[in-house]
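Right, one structure below, let's go through it.
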Amino acid sequence: MGKDREHIDSLTQKEYEYGFITDIEMDMAPKGLNEDIIRFISAKKDEPDSMLRWRLKAYRYWLNMKEPTWAFVTYPPIDYQNIYYYAAPKKKEGPKSLDEVDPEILATFDKLGIPLEEREALAGVAVDAVMDSVSVATTFRKKLQELGIIFLPISEAIREHPDLIKKYLGSVVPPTDNFFAALNSAVFTDGTFVYVPKGIRCPMELSTYFRINAANTGQFERTLIVADEGSYVSYLEGCTAPMRDENQLHAAVVELIALDGAEIKYSTVQNWYAGDKNGKGGIYNFVTKRGVCHNHSKISWAQVETGSAITWKYPSLILRGDNSAGEFHSVALTNNRQQADTGTKMVHLGKNTRSTIISKGISAGYSNNSYRGLVKIGPGADNAKNYSQCDSLLIGDRCGAHTFPYLEVDNPTANVEHEATTSKISEDQLFYCNQRGIGTEEAIGVIINGYAREVFKRLPMEFAVEAQKLLTVSLEGSVG
Amino acid sequence: MIKTDPESAAFCQHLHPLFHDQSSHIRNFRQQSLEMLQSSPFPALKHEEWKYTDLSELAKQLPVSPVLSDFQNLSVNDVYPYSFNQMKSHVMVFVNGHFTPQLSNINKLGRNIVAENLFSAAKRNPEDIKLYLGKADKKGNDYFSYLNGAFFTDGAYIRIPDNYQSEIPIHLLFLTKGNGELRYSAARNLIIMGKNSSVTLVETYGSLDDRPVLTNSVTEVFNGENSLLRHHILQLQNERSHYFGSTNITIPANSRYQNTWVSLGSKISRNDVDAALTGAGSYCQLYGLYAGRHDQLMDNRTVISHRSPHATSNQVYKGILDGFSRGIFNGKILVEQKAQKTEAHQLNRSLILSDKAHADSKPQLKIFADDVKCSHGATVGQLDKNAMFYLQSRGVSKEIARSMLTFAFANDVVDSIILGPVRFYLYKKLFNRFGRDWGSEEDFESLYKQEE
């Protein structure tokens, strides 16, 4: 047991690998939130008037909203007036190629092990890299343009494709949806817009790396993906952030729209700074992610969540169209003082809609990891089917694992199944490995990766490798 | 100064404790409950624990405490339907929450057993009341528990001595009798088990007429070490009444508690079970069946708290929903950090028979210990297609196959009742509801006799 203790200690005392601050001059708005700041952001982005009105409406609504308290997380009250709402790396004539990009930023990506140029050459991935709030490099745009695929920072899309933005922005997550969505709608500074035209299969995985950089800057990303009829797109989102002492707020909104016969695959690896072992610092991650499926369409969410001090995130799907399908695959790992309240919502409205939820939680240290999910079958959703499985693994006796599923069924032909288990790593499995000469650390890595395999299978190749590494590194040597 | 909730205060304006010559402990307890009640808001949909149960219609009504005339002129014939074909048992009958000795039969109980109404017990045994009243475990005490605490009109007090074991069940029969107003019937029961004892307790909630009554009972159970309590609760009130019942149980070391809840009646019913496993080797089993039809709403909330290592709990709740009915299961398993080696399982299955019926399920796990085996499952759907096919392939018509399977689905829970006459009574009720296509009541009786 003494050795186990050491393992646990070595795990809990592990420092964040990717913590560093990039030293770039910032173009900043003063701290605080008021209508002037919103006007400033809107002006900075050269937005049309209608967009400014949209933002102000969201802001005015937000003023009367209360911060939600129902999630199983605790944190000191956030002072929304003590946050920078706009920070951009200083502009030098808008870079046209990688050569023009600030070498400091490129170095940052190097430290993260994701050099842009390498990715460009190796993986054929188009990277719309976001450093804080402004996109600094966009590649492969030309190739995508030939197919008619629009892959732009959202601020550019607002200027260049106002019709699409007007039609779809806020159509899935309205500005008044919830506290954090309203805040995001008022102050979002950048994000990604993807439009895949009818019948087009996007030939490469689209990917954006978010990085929170300026101290005390909240990151308010806005992602909008529209897959037109019969199209297909796979989108990757990955995150790392430098080490900080003060908590940083991140309130992103992601909207997905799959029109008739379209398919969207959205994968996330989230490894933001989680705070030190006493729970000091770390990112607050309050995200609203939602997709709408029209007839015969499909959206799948896959996520690996290992970072953030607090995660509050429920990637949801509204299966509006007949014969549409939704999937949610998640691995959430919490350690030290991390708190995660995450899960999904599947709202079945159309006939013959199907959804699958696979959620794997791993808690270690003093962390709390909750699954919270809703499966709702509307009265018109004949023959709807849902299967949910939510497993939790506990490592150490000071952590908590919780499951809060909600099943609401209003149709007699529906079939809804939910299963959940909670346990620790089986002594038998460990013994079996030890007996065959596999060390305890390695055995745990193997068992954890086996446990989360079902989810990793769903990730695109590049992510699967990264995710497995993340889990193994984070949980090395922790024996329950 | 306590902040008073106006809606809550209005709701209980016509309620009063029926008798005033009570012991000081009961008076103090009422006072405390009343203070808590006044600061508790009336349950509304926005409260997480009442998310699916709309009480806005009830909130507009004013329940009225029972009066003496409710209990007079009742004869044994009136309660015959609830005697389970005159099952051999010790019966205590309460009408509108008030003990009626002329209908009861508790003379033949063993010498050391105490079975009397709470008010007599409070006079004879004030120390026990002080020690136990309001002390059973309850996570998240709510409005209706306080309401009962403030305005209960008597109840059963049962104390089983050490080493007592009996085959003859104790039957607590709570009947309601309405009049023009919404009668308030509230019993407060205390069940205290000694060490190494074993007993079966039946609680039945029924109606003497078809007038609406608001039943609001609380039963506190203190199981003894190394004891076994089988606790069967049947809710069979008329479909215009409301039922809000709580059962709060403490389960110490090496003791077993088995609860079977069957709900067929009431317009709105709420069954609250709070069980705390406080000693090593303790075991808690909760089985439940709720079969709703018409516009019935059946809300079940259970909390099992594992407070001690090496305890086991097992929970199976089944719902069958027909017509416009709504069935809710809201179950929570809480495993505290010190409760290592816990094994806890929870299963909720609902069957929806009509396209206007609803089923909501909220099975929750809250776990703070690592060396545990916990699982929960929930399904909502139709009858098993394979089973239907199997029966049909053997020449059974679709309608009959459906009847058989629905009946069997319900009987899983009823089978956990160990008293033959009670089981038979429920089989018959369920057969009448779900076996219509299968055969007549006589067919069923002859079939059942063969089985026996």
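Quick notes on this one:
- Counted residues, segment A:44-62 - those being of a type outside the set (A, V, I, L, M) and under 17 Å from A:Ala157 (Cα atoms): 9
- Checklist (1) touching a Ser or Thr at 6+ places or on another chain (Cβ under 6 Å); (2) more than 7 Å from every other protein chain (Cβ to nearest Cβ) applied to A:Ala420, failing item: (2)
- Count of segment B:334-374 residues, restricted to those that are more than 7 Å from chain A (Cβ to nearest Cβ), of a type in the set (A, V, I, L, M, F, W, C) and open to solvent by 10 Å² or more (accessible area, probe 1.4 Å), is 2.
- Scan of segment A:173-187 for residues that are within 20 Å of the chain's Cα centre (by Cα) and open to solvent by 10 Å² or more (accessible area, probe 1.4 Å), ordered by number: A:Pro174, A:Pro175, A:Asp177, A:Asn178, A:Phe179
Results for (1) under 17 Å from B:Val316 (Cβ atoms); (2) within 14 Å of chain A (Cβ to nearest Cβ); (3) touching a strand residue (DSSP E or B) at 6+ places or on another chain (Cβ under 6 Å), shown as yes or no for each residue.
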{"residue": "B:His376", "(1), (2), (3)": "yes, yes, yes"}
{"residue": "B:Gly381", "(1), (2), (3)": "yes, yes, yes"}
{"residue": "B:Asp384", "(1), (2), (3)": "yes, yes, no"}
{"residue": "B:Gln392", "(1), (2), (3)": "no, no, no"}
{"residue": "B:Gly395", "(1), (2), (3)": "no, no, no"}
{"residue": "B:Ser403", "(1), (2), (3)": "no, no, no"}
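- Qualifying residue in segment B:248-270 (condition: open to solvent by 10 Å² or more (accessible area, probe 1.4 Å), of a type in the set (Ser, Thr, Tyr) and assigned by TED's automatic domain parsing to the domain that holds B:Ser198): yes
- Restricting attention to segment B:219-243, the residues being more than 16 Å from B:Ser198 (Cβ to Cβ), in a strand (DSSP E or B) and more than 9 Å from the chain's Cα centre (by Cα) number 3.
- B:Lys51 assigned by TED's automatic domain parsing to the domain that holds B:Leu172, loosely packed, with under 14 Cβ neighbours inside 10 Å and of a type outside the set (A, V, I, L, M, F, W, C): no
- Odd one out for A:Glu229 among (1) at pLDDT below 90; (2) touching a Lys or Arg at 6+ places or on another chain (Cβ under 7 Å): (1)
- Subset of segment B:374-398 that is within 16 Å of A:Asn386 (Cα to Cα) and small (Gly, Ala, Ser) - its residue that is modelled with the lowest pLDDT: B:Gly381
- Hey, B:Phe409 closer than 30 Å to A:Ala381 by Cα, touching a Lys or Arg at 6+ places or on another chain (Cβ under 9 Å) and in a helix (DSSP H, G or I) or not: yes
- Within segment B:182-199, being within 16 Å of B:His98 (Cβ to Cβ) and either assigned to a loop (DSSP other than H, G, I, E, B) or not assigned by TED's automatic domain parsing to the domain that holds B:Ser75 (or both) holds for B:Ala186, B:Ala187.
- Looking across segment A:247-296, just one residue is in a strand (DSSP E or B), under 24 Å from A:Met461 (Cα atoms) and modelled with pLDDT under 80, and that is A:Asn271.
- Residue match in segment B:275-295 (condition: at pLDDT 95 or above, open to solvent by less than 10 Å² (accessible area, probe 1.4 Å) and either part of a loop (DSSP other than H, G, I, E, B) or at the interface with chain A (Cβ under 9 Å from one of its Cβ atoms) (or both)): yes
- Residues in segment A:425-438 that are at pLDDT 85 or above and within 14 Å of another protein chain (Cβ to nearest Cβ) were compared, and the one that is farthest from the chain's Cα centre (by Cα) is A:Asp428.
- Odd one out for B:Leu286 among (1) out of contact with any strand residue (DSSP E or B) (no Cβ under 6 Å at 6 or more places or on another chain); (2) outside the structural domain of B:Gly155 (by TED's automatic domain parsing): (1)
- Residue match in segment B:308-320 (condition: open to solvent by 10 Å² or more (accessible area, probe 1.4 Å), within 14 Å of another protein chain (Cβ to nearest Cβ) and more than 23 Å from the chain's Cα centre (by Cα)): yes
The values are calculated or read from the model by the stated rules, or taken from the named source; none is laboratory data. Just so you know, these numbers come straight off a predicted model, no measurement behind them. Note: ideal-geometry Cβ built from the backbone for every residue, glycine included; neighbour counts use all protein chains shown. Please note that ligands, DNA and RNA were not included when accessible areas were found on the heavy atoms of the full protein model with its side chains. Shrake-Rupley method; radii C 1.70, N 1.55, O 1.52, S 1.80 Å.
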